[in-house]
Amino acid sequence: MLLHGFLPSLIEGASVTLSVALSSLAVAAALGLAGALAKQSRSRLLQAIAGTYTTLIRGVPDLVLMLLVFYGGQIAVNAVAPLLGHEDYVDIDPFFAGVLTIGFIFGAYLTEAFRGAFLAVPPGQREAGLAYGMSPLQVLRRITLPQMLRHALPGISNNWLVLIKSTAIVSLIGLSDLMTRGKQAAGTTREPFTFFLAVGMIYLVFTSVSELFFAWAQRRLAIGAREGRL
């Protein structure tokens, strides 16, 4: 029997891993965009907050942050809960903790990727939009963001590939992801090489499909740029 009957379990774990990765990317993209805009704002306070965020997060190992959020957050929540009239013990959901932590980590990396992409957009484009009568928000939505995305796509692609592999750390906080299912199968059958190889191959499928998608997206976004230069 293929993988001693553990293939369905690995597939279920793979779906959890993919859910964590996609949810984390959404969180990271939102934080990255907010951080990039803060770093380019005229407010020194916002610049300082964004700079502190990217410096601290990029300087602390992912594993340490994961354990701090899960265990430290659980202690903090249960210390505050009685003050709000909640007497029962509060368990932090591992999925929520994993998504929040990974998204928070990669938001710092995407902040720099988005900031560089914003700087690559010619400032004259924004000035022309303002002169045409657009509001700053309209200029951002209609002119700056579409062009920024084309420049940011390689950085997004690279961070996504690292992010999807980094989801393996959620196995340490009890989430039944691909890595957890692989360890369980390896322990039951005493064939670690077989199952960790299978886990590695599934991750390779994820990253290979992702690279194909980002290559397609890069070609699609480059069409408008080529037409604009003609």
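Tell me, which helices (runs of 4 or more DSSP H) lie completely within the stretch 1-108 with 3 or more residues that are within 13 Å of the chain's Cα centre (by Cα)? Please lay out each step first, then the result.
Working: elements: 7-40, 44-59, 62-67, 73-80.
Fully inside the stretch 1-108 and qualifying: 7-40.
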- Taking the options Val64, Val27, name whichever one is in contact with a helix residue (DSSP H, G or I) (Cβ under 7 Å, 6 or more places away or on another chain), farther than 17 Å from Met179 by Cα and among the β-branched types (Val, Ile, Thr). Val27
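Residue-by-condition table, conditions (1) within 25 Å of Ser210 (Cα to Cα); (2) among the hydroxyl-bearing types (Ser, Thr, Tyr); (3) at pLDDT 90 or above:
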{"position": "Thr111", "(1), (2), (3)": "yes, yes, yes"}
{"position": "Gly116", "(1), (2), (3)": "yes, no, yes"}
{"position": "Leu137", "(1), (2), (3)": "no, no, no"}
{"position": "Leu145", "(1), (2), (3)": "yes, no, no"}
{"position": "Leu149", "(1), (2), (3)": "yes, no, no"}
{"position": "Leu153", "(1), (2), (3)": "yes, no, yes"}
{"position": "Asn159", "(1), (2), (3)": "yes, no, yes"}
- Query: Which of (1) assigned to a helix (DSSP H, G or I); (2) touching a residue at least 24 places away in the same chain (Cβ under 8 Å); (3) open to solvent by 20 Å² or more (accessible area, probe 1.4 Å) is the odd one out, the single condition Ala152 does not satisfy?
  - Reply: (3)
- Task: Tell me which of these Leu110 doesn't satisfy, since it passes every other one: (1) touching a residue at least 12 places away in the same chain (Cβ under 8 Å); (2) open to solvent by 40 Å² or more (accessible area, probe 1.4 Å).
- Result: (2)
- Report, by residue number, each residue of the stretch 171-208 that is over 17 Å from Val16 (Cα atoms) and outside any helix (DSSP H, G or I). Arg190, Glu191
- Note on the stretch 204-220: residues open to solvent by less than 60 Å² (accessible area, probe 1.4 Å) and touching a residue at least 60 places away in the same chain (Cβ under 8 Å) are Phe206, Phe214, Ala217
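Give the residues of the stretch 121-139 that are open to solvent by 50 Å² or more (accessible area, probe 1.4 Å) and either small (Gly, Ala, Ser) or under 14 Å from Leu37 (Cβ atoms) (or both), sorted by residue number.
Listed by number, the residues that qualify are Arg126, Ala128, Ala131, Gly133, Pro136, Leu137.
Please state which one of Glu12, Glu87 is open to solvent by 70 Å² or more (accessible area, probe 1.4 Å) and at pLDDT 95 or above. Walk me through how you get there before you give the answer.
Values: Glu87 fails: at pLDDT 95 or above.
From the options Glu12, Glu87, the qualifying one is Glu12.
The values are calculated or read from the model by the stated rules, or taken from the named source; none is laboratory data. These numbers come from a predicted model, not from an experiment. Glycine also receives a Cβ, built like all others from the backbone with ideal geometry; neighbour counts cover every protein chain displayed. We work out accessible area using only protein heavy atoms, side chains counted, and drop any ligands, DNA or RNA first. Shrake-Rupley method; radii C 1.70, N 1.55, O 1.52, S 1.80 Å.
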